[in-house]
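Take a look at the structure set out below.
The values are calculated or read from the model by the stated rules, or taken from the named source; none is laboratory data. This one's a predicted model, so the numbers in the text were calculated from it and none came from an experiment. Note: ideal-geometry Cβ built from the backbone for every residue, glycine included; neighbour counts use all protein chains shown. Accessible surface areas use protein heavy atoms only, side chains included; no ligands, DNA or RNA. Shrake-Rupley method; radii C 1.70, N 1.55, O 1.52, S 1.80 Å.
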Amino acid sequence: MKHIRQGGVMKWLLLTIVLALAACGGAEPVDTVTDAPTISVPVVPVPPPVSSSSTAEKHAARLLQQATFGPTFADIKHTSTLTTQQWLDEQLALPATLHVPNTPDVVGKSHVSHYTRVEGWLNVALHSPDQLRQRVAFALSEILVTSRYHPNIELQPLALANYYDILVNHAFGNYRDLLEDVAKSPIMGTYLSHMANEKPDAARNIRSDENFARELLQLFSIGLVDLNLDGTPILNNKGQVIPSYDQTTIEAFARVFTGWSSDSPYWNVSKKDYFKPMLAFEAHHDTAEKQLLNGQLLPKGQSAQQDLTDALDNIFAHQNIAPFISKQLIQRLVTSNPSPDYVARVSRVFNNNGQGIKGDLAAVVSAILLDDEARQLPQYQQENFGKLKEPLLKTTHLWRALEAESITGRLNTVTLEDTHGQAPQQAASVFNFFRPDYMPNGQLQQLGMSVPEAQILTDDLLLEMQNFFHTAINLSIKGQVAKPNEFQMLLDFGPLAALLTERGTGALLDRYSLLFFAGDMPVALNTLLLSTEQQLQELNAEQRAATLLYLVFISPDYAIQL
């Protein structure tokens with residue numbers, strides 16, 4: 001296969017993971033796919049495909065894979081006429097599409113559920129013009145995690161969408177400002193339990209809640225160990241990592257975040273306002289002095305707001321925040337194992353956007369996508385370049401590329417988490433669906449390579465995804481579903497069928513290559529699809545195009561973003 005021919009260690013090992021997990025499912029057919037065509041593919045020598053896509057279109061498709069919820073053919077054509085900087089400038093100038101106004105009510109009722117919240121999220125991901133902002137917000141939602149899986153948040157789906165809009169609004173803003181709005185969010189205050197956090201009182205056996213303080217340091221800002229600018233750990237003279245904080249630091253930050261509660265004249269009311277930022281209640285705030293990171297001492301007698309401001313400034317001044325956040329954003333957009341030089345280049349922009357401003361996310365995201373490591377075509381990349389695609393991003397890619405719509409404009413998201421292993425703001429814990437440093441057992445672990453998305457990639461999930469894509473592709477051809485239900489997303493295969501009929505299989509696969517592989521479909525997969533199409537002549541053009549696309553989507557090659 002192409003990935004082996006290129007000698008890419010990461011690419012080959014990622015393929016082995018996907019293939020091995022797929023093999024775990026066995027050879028027995030799954031009930032929902034028993035009506036798929038039976039295909040016996042002979043080994044037929046086929047010359048390598050000759051792409052009709054221009055280099056500009058391939059570069060555009062790669063950029064859109066990294067920076068949107070999936071390229072459409074029209075988007076590729078438009079972006080191919082621009083430089084990367086011009087495309088970024090276009091996206092940065094677009095107004096934000098918010099989720100609360102786009103979350104539909106249940107039909108006939110004034111009631112929002114988590115299913116309609118996710119439906120609204122999908123509609124924004126599929127149709128909003130501010131694709132880069134939305135993709136960055138999604139990345140931030142996997143760093144600054146909140147989830148429906150909290151007994152109080154389970155009852156607040158629209159408020160959870162409102163938290164997501166904090167991320168949308170700050171996606172091109174300043175990370176320091178984002179941290180403050182997150183710290184004051186009643187949803188975060190509920191999720192990590194610093195809403196109505198009390199000052200210590202030995203007589204009443206009260207200790208300040210450490211939950212938010214701990215995760216703010218560990219997950220949202222600086223991480224567990226001191227880092228160089230390039231994201232590598234700083235070692236002491238014994239070759240050991242250096243902890244970036246200790247338990248006493250957590251206890252001090254926990255006391256910082258006391259005295260904040262819902263927007264109400266009363267402390268710790270039962271009926272909270274989950275939409276407005278929390279307010280300070282000074283009587284419940286700890287005013288004793290507090291020692292923070294790098295020995296900084298907060299003086300006694302400060303207000304809750306003064307302590308919060310100084311504490312967040314203290315975190316923001318730490319050397320770790322630039323590499324810790326920059327590397328995770330690179331991982332979410334471009335590659336799981338960026339080179340230290342790549343991380344360092346982006347970290348420098350995080351520390352100074354060129355105008356003396358630290359934490360400018362618009363500048364950071366631009367630096368990530370403009371970097372040579374992001375823009376080089378796959379054949380010129382380092383061996384460990386690439387990332388597994390998140391299941392949710394595969395589906396948004398499919399639906400955007402084929403302009404999927406239901407007959408009512410509604411989507412059914414009840415089973416989305418089961419079939420994809422994830423849904424927006426539905427991680428099992430504050431540690432997200434997967435950790436940024438997750439390493440599967442085996443060769444990747446021995447090589448020290450992270451594959452975050454592999455943490456949810458199980459054999460059961462692969463079978464679920466195969467079944468999902470069979471239904472979503474083969475059984476959802478627009479104009480060929482006799483009685484589509486109100487939620488079924490129908491795919492428009494008309495243009496692709498015309499391409500197949502008028503210009504042949506090679507032209508169709510060339511289009512698939514551009515849309516789904518940025519013009520770089522592996523030769524072995526192209527050969528397989530050409531051979532397969534020869535056995536599908538009893539099907540009409542739309543069905544043949546759908547069958548080939550289904551094989552693309554369940555292939556190990558498509559599982560990897562290069």
inquiry  = Residues that are under 25 Å from Arg332 (Cα atoms) and either within 23 Å of the chain's Cα centre (by Cα) or of a type in the set (D, E, K, R) (or both): does region 201-211 have at least one?
reply    = no
key: region 370-428: number of residues that are over 24 Å from Phe487 (Cα atoms) and either aromatic (Phe, Trp, Tyr) or in contact with a strand residue (DSSP E or B) (Cβ under 7 Å, 6 or more places away or on another chain) (or both)   = 6
request  = Output yes when any residue across region 232-248 is aliphatic (A, V, I, L, M) and part of a helix (DSSP H, G or I), and no when none is.
outcome  = no
inquiry  = Take the conditions outside any helix (DSSP H, G or I) and in contact with a Gly (Cβ under 7 Å, 6 or more places away or on another chain) and apply them to Glu383. Does it pass?
reply    = yes
key: Selection within region 438-462 - aliphatic (A, V, I, L, M) and either over 18 Å from the mean Cα position of the chain (by Cα) or farther than 20 Å from Ala139 by Cβ (or both)   = Met439, Leu444, Leu447, Met449, Leu461, Leu462
ask   = Could we say that Gly504 is without any contact (Cβ under 8 Å) to a residue 12 or more places away in the chain, under 27 Å from Ala60 (Cβ atoms), surrounded by fewer than 19 Cβ atoms within 10 Å (Cβ to Cβ) and not hydroxyl-bearing (Ser, Thr, Tyr) here?
value = yes
message = Step by step: first the residues of region 324-357, then only those that are in contact with a strand residue (DSSP E or B) (Cβ under 8 Å, 6 or more places away or on another chain) and farther than 21 Å from Ala67 by Cβ, then the one that is most open to solvent (accessible area, probe 1.4 Å). Which residue is that?
response = Ile357
task = Considering each residue of region 447-471, count those that are open to solvent by 30 Å² or more (accessible area, probe 1.4 Å) and under 22 Å from Leu224 (Cα atoms), and give that number.
result = 3
request  = Only residues in region 64-90 that are touching a residue at least 12 places away in the same chain (Cβ under 8 Å) count as the first member; pair them with residues that are among the acidic types (Asp, Glu), Cβ under 6 angstrom, at least 6 apart or cross-chain, and list the lot.
outcome  = Leu64/Asp75; Ile76/Glu57; Ser80/Glu57
remark   = Restricted to region 404-460 and to residues being in a helix (DSSP H, G or I) and touching a Pro at 6+ places or on another chain (Cβ under 7 Å), the residue nearest to Lys394 (Cα to Cα) is His420
task = Name the single residue, out of those in region 472-496 being out of contact with any strand residue (DSSP E or B) (no Cβ under 9 Å at 6 or more places or on another chain) and part of a helix (DSSP H, G or I), that is least open to solvent (accessible area, probe 1.4 Å).
result = Leu496
remark   = Exactly one of Ala280, Ala254 is under 22 Å from Ile187 (Cα atoms), surrounded by 15 or more Cβ atoms within 10 Å (Cβ to Cβ) and out of contact with any Gly (no Cβ under 8 Å at 6 or more places or on another chain), and that one is Ala254
task = Filter region 187-231 down to residues that are assigned to a helix (DSSP H, G or I) and of a type in the set (Lys, Arg) and give me whichever is surrounded by the fewest Cβ atoms within 10 Å (Cβ to Cβ).
result = Arg204
inquiry  = Tally up the residues in region 380-410 that are hydrophobic (A, V, I, L, M, F, W, C) and open to solvent by less than 10 Å² (accessible area, probe 1.4 Å), please.
reply    = 6
query = For residues in region 120-163 being part of a loop (DSSP other than H, G, I, E, B) and of a type in the set (S, T, N, Q), which is surrounded by the most Cβ atoms within 10 Å (Cβ to Cβ)?
reply = Thr146
message = Cβ contacts < 7 Å: first residue touching a residue at least 24 places away in the same chain (Cβ under 8 Å) and on the phi < 0 side of the Ramachandran plot, restricted to region 288-317; second residue open to solvent by 60 Å² or more (accessible area, probe 1.4 Å) and assigned to a loop (DSSP other than H, G, I, E, B), any location; separation 6+ or different chain. Result?
response = Ala288/Lys300; Leu298/Glu289
